[in-house]
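Here, each number is a calculation from the coordinates, and none is a lab measurement. Because the structure is predicted, anything quoted here is derived from the model rather than measured. Cβ placement follows ideal geometry from the backbone for every residue including glycine, while neighbour counts extend to all protein chains displayed.
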Amino acid sequence: MTAILRQKPVFRFAPSPNGPLHLGHALSAFLNHDMAGSTGGRFLLRIEDIDLTRCTPEFETGIYADLEWLGIDWEQPARRQSDHFGEYQAALDRLIDRGLAYPAFMTRGETKTRVAAAAANGERWPRDPDGSPLYPPDDRGRADFERHELLASGLKHAWRLDMGKALAVVGEPLFWQETGDGDRGLVAANPGAWGDVVLSRSDAPSSYHLSVVLDDALQGVTHIVRGLDLFHSTSVHRLLQTLLDLPAPVYHHHRLITDKDGRKLSKSQGDTGLAELRQRGLSPADIRRLVGL
Ligand code: GLU
């Protein structure tokens, strides 16, 4: 009889150390940890600190302290993205070599001015699922010599995915398997809605989208459990996974914890911060209750 080797499910909690953890993070961490426990799977912690200007060692220490207090243990060591910039660069280089990424020179301010000018002319500028204006097409259309000249001049730039080319290379509709609190089943991805997404920024050697898909693959993550705020980003992730030959995990986007006005919690809202709640005498069981578990 042939032995069937079943891969253990692998879950991960992937906070960014750019502020204190709040109740929304607690829900994500509990769900991942609980699901790993109930399926005999593994639970990993990943510190998503590519944004070197906003992430600090103090916030990272705070993440470890909060998780330990909640009774959540993870496989050591945690993966820290800032230790792996070379891997993200190598993947970016593959996309550049295939003509799927281009240097983008416009600053945020310049993009804003452009969008405002279009609006003043009565044009409606396309926006991504998070409501941000799509990147203007100018840099995508540059001739090679012009691109080389601009790069050689040392002008600061990001790298962006050429969405049109990327979709053409893939050439077929993409889907993902969803088990979360919103749409379920096989969900059709719509990466084109995001336009030419950033792959690396002028002030950070990678982007969230690029590093998250690479790390999930490198760490063998099979189940991604995260907030519904990242539901639409999954379209971009499926596209990058396909372009880079990475496996497709199962996704579970969970409900968000909101404040009393129904807004998503932000890291600056002290009254829902886990460290603050701990200092006020709440127990981990209270936190579970507060997040509805
Ligand atoms: N680092 C992201 C955050 O803190 C989460 C990324 C993910 O789970 O894919 O919002």
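Miscellaneous remarks
- For Leu52 and Val170, a Förster radius of 25 Å and the Cβ-Cβ distance give a FRET efficiency of 0.20, rounded to the nearest 0.05.
- For the chain: lysine pairs under 26 Å (alpha-carbon distance), excluding those fewer than 8 apart on one chain: 5
- Backbone N within the range 206-233 under 12 Å of label point (7 Å from Lys264 Cα along the Cβ vector): 227-233
- Length-normalised contact order of the chain in % [C-alpha pairs under 8 Å, at least 6 apart]: 24
- Cβ-Cβ FRET estimate between Asp128 and Thr107, R0 fixed at 25 Å, reported to 0.05: 0.90
- Residue exposure sequence - Ser211, Ser132 - by fewest surrounding Cβ within 10 Å: Ser132, Ser211
- Annotation: for a label point projected 7 angstrom from Cα along Cα→Cβ of Ile96, residues of the range 194-229 with backbone N closer than 14 Å are 199-207.
- Rounded to the nearest 500, the 222 nm mean residue ellipticity of the chain from helices alone is -11000 deg cm²/dmol, with -39,500 (n - 2.57) taken per DSSP H run of at least 4 residues.
- Inter-part distance where the range 232-267 and the range 197-222 are each reduced to a Cα centre, Å: 13
- Choice from Gly109, Gly195, Gly24 with maximal GNM fluctuation in the chain (Cα, 10 Å cutoff): Gly109
- FRET efficiency estimate (nearest 0.05) - Cβ-Cβ, Ala118 to Glu276, R0 51 angstrom: 0.75
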